[in-house]
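In what follows, a structure is listed as structure tokens, so that the remarks can point back to it.
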Amino acid sequence: MKIGNVELTREKLAQMMDFSSLNPDVSEEEILKCCEISKKYNFKGFHVNPIWVPVVARELEGTGIETGYVVSFPFGTNPTNLKVAEAEYAASILKDKPWVIDMVTSVGKLKSKDYKYYKNDIAEVAKVAHDAGVECKAILEVQLLTDEEIKIACQLAAEAGADWVKSSTGRHGGPTLKQVKLMRESSPPHIKVKVAGTGNFWTPMVALGCILAGAERIGTRNAPWIVDELSQLFKL
């Protein structure tokens, strides 16, 4: 199956997936099961709440699968110095391992038009990530933004040094395809787009629609179903 100039295979589709288990009631047993699923499918990454990061990093050792560390999740309301401290902690425990930061931006500051704070907040965390040799994704929470605010957020994230703009934490549903397309159109070519949403939001067809709209990464706990269903449907 060809999307744009890319021939999509089952393996490439799996590498477009960040598997996740971010509910507050998840147990260690569930985390371990998800690590095994991540290895089975060879997803690009597995994202968990910080308390489980050491477990995931240990279980995924040697696989090349990224451990996803979420900063100021899910609201993004921590002050910048605390976000930086979280990022520095992640760098200290994940040294020499494949990992990535997904940080929640300060949506309230964007809404208040305090663009200097918003941009610096991202820049400070991105610097920690880049000093550690890893990428930083800026979670915009687009469901809470107007189209104009989405454009501004994408531009500020790019200027701040984020490597990715990400639609959502999943706490407010998922973005529309129009919003995904707007994120792609509002970001420079070197900035990548990740889409995330709640479990009910994610179906295989929604995932395909997001990819067609410009998403290069999908973050969801439904990743196994999406890969299996699309692979079967399109004979990937």
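What follows is calculated from the coordinates using simple rules that are stated; it is not laboratory data. Quick caveat: nothing in here was measured; it's all calculated off a predicted structure. Note that we place each Cβ from the backbone using ideal geometry, even for glycine, and neighbour counts take in every protein chain shown.
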Distance between the C-alpha centers of the stretch 212-235 and the stretch 25-50? Whole Å please.
17 Å
Relative contact order in percent for the chain (Cα pairs under 8 Å, 6+ apart) equals 18 percent
Once amide H atoms are built 1.01 Å from N in the peptide plane, which residues 5 or more positions from W99, or in another chain, come under 5 Å H to H?
T67
Of the listed pairs K12/K194; K178/K235; K12/K137; K83/K151; K97/K151; K151/K235, which have alpha-carbon separations greater than 26 Å here?
K178/K235; K97/K151; K151/K235
Straight-line reach from K40: which aspartates and glutamates fall under 19 Å, measuring Cα to Cα and dropping same-chain residues less than 8 apart?
E11, D18, E28, E29, E30, E59, E61, E66, D228, E229
Roughly how many Å is it from the Cα centre of the stretch 173-204 to that of the stretch 107-144, as a whole number?
17 Å
Cα-Cα longer than 29 Å, checked against K2/K192; K95/K166; K39/K111; K119/K192; K33/K111, kept in input order, equals K39/K111; K33/K111
Check H47: other-chain or 5+ apart residues with amide H under 5 Å from its amide H, H built from backbone geometry?
F19, S20, S21, G68
Of T220, T80, T63, which is the most mobile in a GNM of the chain whose springs link Cα atoms less than 10 angstrom apart?
T63
Of G209, G170, G62, which is the most mobile in a GNM of the chain whose springs link Cα atoms less than 10 angstrom apart?
G62
Pop a pseudo-label 7 angstrom from the Cα along the beta-carbon direction at both N42 and E159 and give the gap in nm to one decimal.
4.1 nm
What residues qualify as long-range amide H neighbours of K166, i.e. H under 5 Å apart, gap of 5 or more or another chain, H built at 1.01 Å from N?
A138, I139, L140, K194
By the Cα gyration tensor axes a ≥ b ≥ c (a/c under 1.5 gives rounded; else a/b larger than b/c gives prolate, otherwise oblate), the shape of the stretch 132-182 is oblate
In a GNM of the chain with a 10 Å cut-off on Cα contacts, which of T169, T203, T67 has the highest mean-square fluctuation?
T203
For the chain, just the Cα set please: Rg and Dmax, both in angstrom.
16.6, 49
Explain nothing, just compute: Karplus ³J(HN,Hα) = 6.51 cos²θ - 1.76 cosθ + 1.60, θ = phi - 60°, for every residue of the stretch 123-131 in order, whole Hz, x for Gly and Pro.
4, 5, 6, 4, 4, 4, 4, 5, 4
